[in-house]
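Got a structure for you, questions after.
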Amino acid sequence: MKRDSPKYVTARVVAQYRGKYRVLHKNEEYWAEVTGKIMYTAESQLDYPVVGDKVSIISLGYGNGLIDKILPRKSILERRAVGKTDVQPIAANVDTAFIVQAVDRDFNLNRFERYLTIVKAGKIKPVLVLNKIDLIPPEELEDKLSLVKSRFKDINLLTTSAFKPNGDKYLAQAIKKGKIYCLLGSSGVGKSSLINKLLGQELIKTRAISATTKKGQHVTTHRELFVLKGGGMVIDNPGMREVGVADAGEAVADVFSDISILARDCKFSDCTHDHEIGCAVLAALKSGQLSEEQYLNYIKLKKETDYYAMSKLEKRRKDKSFGKMVKTAMKQIKSLK
Ligand SMILES: Nc1nc2c(ncn2[C@@H]2O[C@H](COP(=O)(O)OP(=O)(O)O)[C@@H](O)[C@H]2O)c(=O)[nH]1
Ligand SMILES: [Mg+2]
Ligand SMILES: [Zn+2]
């Protein structure tokens, strides 16, 4: 008797739970787990599926599936817990990240810089979003907008309110069919409210019970991708307390482009802009051309990436000596034969 060959389909990871994933193939949803092969060969979290990933699954019927392979990623957004070296993937294949702040209490230019660094390190396009604009008078909003614009000259910026009719207009306009977006920012800035507004009431209702799995969706997910009516995809993220930067040396230079340009005039090419004689960055700080706030944030983020790079090097060194150990052991084994 001939057995049926397994049915492979390509699907999108739309939600992740502990060890389980919800994936979407066309309009069909599956609950999926990863194969043992993925589990046993994984070297880090990066080898596991993450929301936004395209995966190849084996359909097991009844809305269940096995994730067999992660298809090559266009981009990967990752962060690092402060003081640790392992990176945590946030989302895959994101085209544009909306970095959200609320204009009332959360407003903080340094925080924008930190998020910009992780977004740029992931080769993702950033857009800054000021939400809850219903809470402040127009003059105050103007002041805040000019502060953001003067610090981030080449980054797109838009304003929203989840509470005003059409308050998501600019956000909706920025979202294109077939592209993946994610909302980043502290807890409470209104990310989920904005996504609800983009979705509209009806869509949320139809999501209450999944047609394929017949399971209710009361489970609070940590990260979830929503498909909008227009065909754009939006990922909601839980608020992240720590957004440590990882492999982001280049991104830091990019985000702090003013400092990078100044640094070309430093006397030493390896200047750390910390104490060196002939440092153009320190000179600009002294003359007031560069603000102390931005300088300090730069030094802080630079230290974080340097630390990360260093520990990676150390890891590599360790790997090397382990390799040597294995070689010597193999030789000894051979000589015994
Ligand atoms: N006034 C005002 N409140 C908002 C706005 N957006 C969200 N909120 C409120 O802010 C709180 C946090 O919103 P939520 O969407 O859960 O934030 P998240 O943690 O970023 O997902 C909730 O009480 C919302 O009702 C807004 O545009 N204006
Ligand atoms: Mg939320
Ligand atoms: Zn310097």
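How far, in nm, would the chain grow between residue 146 and residue 306 when pulled straight, counting 0.36 nm per residue and subtracting the alpha carbon separation?
Fully extending the segment from residue 146 to residue 306 adds 54.4 nm.
Here is a further query. Cα-Cα over 20 Å: which of 7/176; 74/169; 120/303?
Beyond 20 Å: 7/176; 74/169.
May I ask what percent, to the nearest 5, of DSSP beta bridges between residues of the stretch 58-191 are antiparallel?
35
Order of 39, 233 from fewest to most other C-beta atoms within 10 Å?
39, 233
Could you give me the radius of gyration and the Dmax of the stretch 1-124, taking only the C-alpha atoms into account and expressing both in angstrom?
17.5, 69
How large is the dipole of the stretch 105-154 about the Cα centre if only Lys and Arg carry +1 and Asp and Glu carry -1, each at its Cβ, rounded to the nearest 20 debye?
460
Given a Förster distance of 30 angstrom, what is the FRET efficiency for residue 296 paired with residue 199, based on the Cβ-Cβ distance and rounded to 0.05?
Here the calculated transfer efficiency is 0.15.
Here's another thing I want to ask about it. Taking the Cα centre of the stretch 1-121 as origin and charging only Cβ (+1 Lys, Arg; -1 Asp, Glu), how large is the dipole, in debye to the nearest 20?
180
Say R0 is 25 Å: what FRET efficiency, to the nearest 0.05, do residue 56 and residue 177 get from their beta-carbon distance?
My answer for the efficiency is 0.60.
If you don't mind, another one. With only Lys, Arg, Asp and Glu charged, each at its Cβ (+1 for the first two, -1 for the last two), find how big the charge dipole of the stretch 7-70 is about the Cα centre; round to the nearest 20 debye.
140
Now for a separate question. Multiply the residue separation of residue 268 and residue 286 by 0.36 nm, subtract the distance between their alpha-carbon atoms, and state the gained length in nm to one decimal.
Contour length minus Cα-Cα distance gives 4.6 nm.
Over the stretch 7-70, what number does the Rg to Rh ratio reach, with both radii from the alpha-carbon atoms and Rh per Kirkwood?
My calculation puts Rg/Rh at 0.93.
Readers should treat all values here as calculations from the given coordinates under stated rules, not as data from a laboratory. Here the structure is a predicted model, which is why all the values come from computation and not from measurement. All Cβ positions, glycine included, derive from the backbone under ideal geometry; neighbour counts span all protein chains shown.
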